[in-house]
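Right, one structure below, let's go through it.
The values are calculated or read from the model by the stated rules, or taken from the named source; none is laboratory data. Computed from a prediction, not measured in an experiment: that's the story for all the values here. Reconstructed Cβ throughout: ideal geometry from the backbone, glycine too, with neighbour counts over all protein chains shown.
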Amino acid sequence: MKNIIKKELLPLFFIIAFPINTWSIYIFFYNFKWVAERTKAWDAIGYGAYALAFALFESLFVSLIITPVYLLLRKSYDKDTSVAILGITFLIISFWVIFGRVNTSRDTSATTFMFEMREKYNLRLRYLYPLFFLVIGAIAASMTLPPFLILKFTKLKNLVIEILKRLELLSYIYLIMNLISIVIVIIRNTASIGP
């Protein structure tokens with residue numbers, strides 16, 4: 001069991017941690033100037049530390065959910081194929097979630113665009129439904145097609161595994177940042193407890 005955790009589940013954890021930490025760092029830098037202008041730089045760093053500490057726990061939680069799926073896949077496929085299927089699927093789902101979040105946080109979201117088109121050209125809403133279903137179909141295809149392609153093409157599987165190994169290496173850096181952020185959170189919380 002220890003060997004499975006070290007050689008199989010730990011790399012999967014690092015793949016899961018990559019987009020979660022990337023999103024947390026993006027949010028930190030997006031809000032850093034705003035927080036630093038209204039408070040102190042140390043408060044802005046604390047804001048980032050809380051985000052990264054939460055990202056570590058979120059990665060652990062998602063890993064706990066994905067681990068049974070991995071173990072089920074592992075019964076049918078080898079380690080590399082299982083990691084490639086779950087890793088690429090999780091990265092694609094993460095991409096769409098992050099894209100949706102960034103898209104809705106701006107004034108030019110897809111929903112706003114559709115309603116502006118409706119008002120500008122006096123379109124009925126039913127004319128926009130095909131566009132909506134086309135987008136939903138493209139998103140669904142982008143999440144379901146890669147696992148089948150990985151199973152069919154060995155070169156694609158090897159390429160995905162190499163990409164995931166590089167992301168895993170970057171996630172080691174993220175893990176160090178997560179641990180440092182936990183130390184910062186502890187220091188901030190113990191420093192604020194006073195007489």
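Assorted remarks:
- Within region 63-96, the set of residues being in contact (Cβ under 8 Å) with a residue 24 or more places away in the chain, surrounded by 17 or more Cβ atoms within 10 Å (Cβ to Cβ) and of a type in the set (A, V, I, L, M) comprises ILE66, VAL83, ALA84, ILE85, LEU86, ILE88, LEU91, ILE92.
- Test: TYR50 is within 23 Å of ILE173 (Cβ to Cβ), modelled with pLDDT under 85 and hydroxyl-bearing (Ser, Thr, Tyr): no
- Residue that is farther than 20 Å from ARG74 by Cβ, of a type outside the set (Val, Ile, Thr) and buried (at least 17 other Cβ atoms within 10 Å of the Cβ), where the choices are ASN21, ASN31: ASN21
- Residues in region 40-62 that are of a type in the set (D, E, K, R) and surrounded by 15 or more Cβ atoms within 10 Å (Cβ to Cβ): GLU58 only.
- Close Cβ contacts (under 7 Å, 6 or more residues apart or on different chains) running from residues in region 168-189 that are over 20 Å from SER63 (Cβ atoms) to residues that are buried (at least 16 other Cβ atoms within 10 Å of the Cβ) and among the small types (Gly, Ala, Ser) comprise ILE184/GLY46; ILE184/ALA49; VAL185/ALA49; VAL185/ALA53; ARG188/GLY46.
- Restricting attention to region 149-167, the residues being free of Cβ contacts under 8 Å to residues at least 12 places away in the same chain and more than 20 Å from PHE14 (Cβ to Cβ) number 6.
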